[in-house]
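Each remark here refers to the structure printed beneath this line.
The values are calculated or read from the model by the stated rules, or taken from the named source; none is laboratory data. Predicted model, so just to flag it, every value in this text is computed and none were measured. A quick note on method: Cβ atoms are made from the backbone with ideal geometry, for glycine too, and the neighbour counts reach across all protein chains shown.
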Amino acid sequence: MSEFSLKQHLLDASEGAKKLKKRILAEPDTPTHFARVQTAEGNLINAESTLGRTVFGPIMPGHQREFFLLKKNVWIWYEDGYTMRYEIRKNGVYKRINEEEQYTKVTGEELENFKNATKAYLKLIKQSIYK
C-alpha cells in the first residue's frame, strides 16, 4: 500500500468519527455540551481501541494492549508498559517508543507490518462502529 493510499484510508476512517462529532457539535451550546463532545470522542477512541487490540492476535492473560488512531496521522500502540506513537508524515512513517525517545523512521518489515495492522484496524472499525 502506498503512503497516499494509507493516508486515504486514514481519512476515510476519520470521516465516520467526523460525522458523529458534527452531529454532536450541532447541539445547542450549553455548559454540558463541551463535556458531551469530550465524552463522545473518548468513547469513540475506547470503542476503536477495544477492536484495535485484537488486530495483533490474542492477548495473554495479565497483559494489556491498546491500538487506535488518535488523530488522522497519529497511531498509538500500547503494550505492557510501552507506548509506541506512530506519526505519518509527508516523508514516511516515524515511531517513538515512550515519551523520552526520539522519532525514528519505520522501514522494511516493520513498515509492512504497520501498514497491514492499520488496514486490518480500519476494516474492523468500519464494519463494527461506522457501518
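Considering only residues that are crowded, with 18+ Cβ neighbours inside 10 Å and not aromatic (Phe, Trp, Tyr), look in region 114-126 and name the one that is modelled with the lowest pLDDT. Checked region 114-126; the qualifying residue modelled with the lowest pLDDT is ILE125. Annotation: of all residues in region 114-131 being part of a loop (DSSP other than H, G, I, E, B) and of a type outside the set (A, V, I, L, M, F, W, C), the one that is nearest to PHE67 (Cα to Cα) is TYR130. The set of residues in region 68-93 being of a type in the set (Val, Ile, Thr) and surrounded by fewer than 11 Cβ atoms within 10 Å (Cβ to Cβ) is empty.
Yes or no: region 94-113 includes at least one residue that is at pLDDT 90 or above, surrounded by 13 or more Cβ atoms within 10 Å (Cβ to Cβ) and in a loop (DSSP other than H, G, I, E, B). Looking for residues that are at pLDDT 90 or above, surrounded by 13 or more Cβ atoms within 10 Å (Cβ to Cβ) and in a loop (DSSP other than H, G, I, E, B), one finds at least one in region 94-113, hence yes. In region 47-78, the residue that is modelled with the lowest pLDDT out of those that are among the charged types (D, E, K, R) and more than 20 Å from LYS105 (Cα to Cα) is GLU48.
Against the criterion of being assigned to a strand (DSSP E or B), out of contact with any helix residue (DSSP H, G or I) (no Cβ under 8 Å at 6 or more places or on another chain) and over 25 Å from LYS131 (Cβ atoms), GLU87 qualifies.
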